[in-house]
Structure formats: structure tokens, C-alpha cells
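**Q** Quick one: the structure is below, questions incoming.
Computed from the coordinates by the stated procedures, all read-outs in this text should not be read as laboratory data. Note that this is a predicted model, so its numbers are computed, not measured. In this analysis, Cβ positions are derived from the backbone assuming ideal geometry, glycine residues included, and neighbour counts consider all displayed protein chains.
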Amino acid sequence: MEKEIFNINKNQLSYGRGYVYSLQYHLVWCTKYRKKVLKDGIDLECKKMLQDLAEEYQFQILAMEVMPDHIHMLVDCRPQFYISDMIKIMKGNLARQMFLVHPELKKELW
């Protein structure tokens, strides 16, 4: 029995004006010095903040896992977004919000 390697389901494609797309990026980023600071409830706040950013900037987080020293995300976005701009938005806004809510992180990540 032959295994299907690639299967495009019509429901998984997104449609724009005159084009069809499915752009998914697997993003992984680490904390500074790989310090294990994303724990004890901070990880849940981090997930919530990233979901809010995704809603605000109109991209979709298909899967997300927050580890103590890094974050994995599978992101689906429109072709109009540059991936570098998306990462800059997510990392910058998340860091700013986390340092405002948890100032002790700033001391730990000096």
C-alpha cells in the first residue's frame, strides 16, 4: 500500500483576490542566554499574549508550545506579510509586554 506524502485539502487553502495560498512557517526562538525563565505561569501568559498579537495582526497560530527556554510556533499568514516583519512584531511586542508585567525578568536576563 502506497503512502500519500502530500495531500492538499481544499479547506486548508486560503483564497485571495486572484490567488490561492497556504503559507506556513515553523518558528523557534530562544530566550537570551537560553535561560529557563518561561515557567511558573509565565508560559501561559506568553501564549495568551501571542494569541492576542495574532488576532491583532491577522495571522493564525496553528500550533504553539512554550518551553522554559524557547518557543515553538507554526504560523499561517497571508503572502502580503514579510516573515521578518512578523517575527519582529511578535518578539518585540512580546518582550515589551512581558517586561512590563514581570519586571523581575529584566534582572534575570540583564
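**Q** Using Cα pairs closer than 8 Å and at least 6 residues apart in sequence, work out the relative contact order for segment 45-110, in percent.
**A** Normalised by residue count, the contact order of segment 45-110 is 25 percent.
**Q** With θ taken as phi - 60° and the coefficients 6.51, -1.76 and 1.60, list the Karplus ³J(HN,Hα) couplings across segment 24-38 in order, rounded to whole Hz; mark glycine and proline as x.
**A** For segment 24-38, the Karplus-derived couplings read 10, 10, 9, 10, 9, 9, 10, 6, 4, 6, 6, 6, 8, 9, 8 Hz, x marking Gly and Pro.
**Q** Same structure, new question: How many nm separate the modelled label positions at Ile83 and Lys36, each set 7 Å beyond the Cα in the direction of the Cβ?
**A** The modelled label-to-label distance comes out at 3.0 nm.
**Q** Going highest first, how would you order 48-59, 77-88, 16-27 by mean Cβ packing within 10 Å?
**A** Most protected by this proxy first, the peptides run 48-59, 77-88, 16-27.
**Q** Sticking with this structure for a sec: Return the sequence-ordered ³J(HN,Hα) values of segment 90-99 in whole Hz as given by the Karplus equation 6.51 cos²θ - 1.76 cosθ + 1.60 applied to θ = phi - 60°, using x for Gly and Pro.
**A** 5, 5, x, 5, 5, 4, 4, 5, 5, 5
**Q** Taking a spot 7 Å from the Cα of Asn93 along the direction of its beta carbon, which residues of segment 14-54 have an amide N less than 20 Å from it?
**A** Counting backbone N atoms under 20 Å from the label point, the list is 23-31, 42-54.
**Q** Give me, ordered by chain and number, the residues 5 or more places off Leu23 or on other chains with an amide H under 5 Å from its own placed amide H.
**A** Those qualifying (amide H under 5 Å, at least 5 residues apart or on another chain) are Cys77.
**Q** On alpha-carbon atoms, Rg over Rh for the chain using Kirkwood Rh?
**A** Expressed as Rg/Rh, it is 1.06.
**Q** About its Cα centre, what dipole magnitude does the chain give when the only charges are +1 on Lys and Arg Cβ and -1 on Asp and Glu Cβ, stated in debye to the nearest 20?
**A** Rounded to the nearest 20 debye, it is 340 debye.
**Q** Tell me the relative contact order for the chain as a rounded percent, counting alpha carbon contacts under 8 Å between residues six or more apart.
**A** Normalised by residue count, the contact order of the chain is 28 percent.
**Q** Of Ala54, Ile83, Met73, which is farthest along the charge dipole of segment 48-110 in the positive direction, counting Lys and Arg as +1 and Asp and Glu as -1 at C-beta?
**A** So the residue furthest toward the plus end is Ile83.
**Q** Report ³J(HN,Hα) in whole Hz for each residue of segment 40-55, in order, from the Karplus equation J = 6.51 cos²θ - 1.76 cosθ + 1.60 where θ = phi - 60°; Gly and Pro get x.
**A** Rounded to whole hertz, the list is 6, x, 5, 5, 5, 5, 4, 4, 5, 5, 5, 4, 5, 5, 4, 5.
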